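Data block below; observations after.
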Amino acid sequence: MSEVGAVVFDTDGVLLATAVRHAAAWKSTFDGCLMQWQPSSVDAPPRPFDAVREYRDLVDGRSRLDGVRAFLASRHIDLPSGTPQDRPGCATVHAVAARKERIFSEALRTLGVDVFEDVRPALQRLRAMGLTCAAVSASKHARLLLETTRLDALFDALVDGRDCAELALPGKPDPALFLEAAARLGTAPARAAVVEDALVGVEAGRRGRFHLVVGLNREDDVRADEALLAHGAHLVLPDLAGLPAALEGGPHS
């Protein structure tokens, strides 16, 4: 019998097909600012944001502010922090984060969001096995999206971006988000699993000393498998269909 009694799921890219919307919003945000950030002495156009590699390595799974900071640092761009009251723009870290939020929110309003087909059957199976489940997200949209898609009824706890702000939880790869979810489930990390598709997310799960850290690679990309394992995943699955069997398989090293 598995030593796992609870499972903590990341939301974007694991439960909801929102990762592509996030990637597109980040690309629109950064590409629209890069010309303003480039020194006038440089003639060549700036390299556009890579919505696959840079999204995965720099912003996926992070809070908006941390994602902006990581991208700016990777391009050696220095911006003032600004304040949470900054309007969407390119002049400060907060303004860029607000720009991304505006673009992403508009995409949600016009395009909506889908639930991956494997999610409900897997969650129902886990509940039938007696496991408790929590959903986590650095996004402030997560609670509403889970309610809209009626996934909220399948979870015993939820920690989202609003909770992170109220509790001053540091973002991934710090494990605080996952640890808060486990605490709300009344489960120690040593008896819980984390399911994540982001590199910083699996790193957070490993840092939190969770019994099992499952990397999810829905893109069938061997390089993504390798990256998830390198950042701390105990195993990688292509979807959630195999998760119940993996949890029944016992301890993982």
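The values are calculated or read from the model by the stated rules, or taken from the named source; none is laboratory data. In this text the structure is predicted, and so the values were computed from the model without any measurement. Neighbour counts are summed over all protein chains in view; Cβ atoms, including those assigned to glycine, are modelled from backbone coordinates with ideal geometry.
Does segment 161-196 hold any residues that are part of a helix (DSSP H, G or I) and among the acidic types (D, E), and which are they?
Listed by number, the residues that qualify are D163, E166, E180.
Kindly indicate which of G82, G67, G89 is more than 27 Å from D174 (Cβ to Cβ), touching a helix residue (DSSP H, G or I) at 6+ places or on another chain (Cβ under 7 Å) and assigned by TED's automatic domain parsing to the domain that holds S28.
Residue meeting the stated conditions: G89.
Answer yes or no: is there a residue in segment 37-53 that is within 20 Å of the chain's Cα centre (by Cα), closer than 16 Å to V200 by Cβ and of a type in the set (D, E).
no
Within segment 176-203, work out how many residues are crowded, with 24+ Cβ neighbours inside 10 Å and free of Cβ contacts under 8 Å to residues at least 60 places away in the same chain.
Total meeting the criteria: 2.
If I ask for residues that are under 14 Å from the mean Cα position of the chain (by Cα) and either within 22 Å of P244 (Cα to Cα) or surrounded by fewer than 18 Cβ atoms within 10 Å (Cβ to Cβ) (or both), which ones from segment 140-157 would you list?
Once the filter is applied, which keeps residues that are under 14 Å from the mean Cα position of the chain (by Cα) and either within 22 Å of P244 (Cα to Cα) or surrounded by fewer than 18 Cβ atoms within 10 Å (Cβ to Cβ) (or both), segment 140-157 yields only K140.
In segment 128-142, which residues are part of a helix (DSSP H, G or I) and at pLDDT below 95?
Scanning segment 128-142 gives a single hit, A142.
Yes or no: segment 190-199 includes at least one residue that is of a type in the set (A, V, I, L, M), closer than 16 Å to G61 by Cα, in contact with a His (Cβ under 7 Å, 6 or more places away or on another chain) and assigned by TED's automatic domain parsing to the domain that holds L237.
Yes, there is a match, as at least one residue in segment 190-199 is of a type in the set (A, V, I, L, M), closer than 16 Å to G61 by Cα, in contact with a His (Cβ under 7 Å, 6 or more places away or on another chain) and assigned by TED's automatic domain parsing to the domain that holds L237.
Considering only residues of segment 78-101 that are within 22 Å of V200 (Cα to Cα) and among the β-branched types (V, I, T), which is surrounded by the fewest Cβ atoms within 10 Å (Cβ to Cβ)?
V93
Can you find even one residue in segment 1-13 that is within 19 Å of T110 (Cα to Cα) and hydrophobic (A, V, I, L, M, F, W, C)?
No; the residues of segment 1-13 include none that is within 19 Å of T110 (Cα to Cα) and hydrophobic (A, V, I, L, M, F, W, C).
Go through segment 87-104 residue by residue and tally those that are under 17 Å from K27 (Cβ atoms) and either in contact with a Pro (Cβ under 6 Å, 6 or more places away or on another chain) or among the aromatic types (F, W, Y) (or both).
4
If L216 satisfies all but one of (1) under 19 Å from T132 (Cβ atoms); (2) surrounded by 15 or more Cβ atoms within 10 Å (Cβ to Cβ); (3) in contact (Cβ under 8 Å) with a residue 12 or more places away in the chain; (4) aliphatic (A, V, I, L, M), what's the number of the condition it fails?
Only one criterion is unmet by L216, namely (1).
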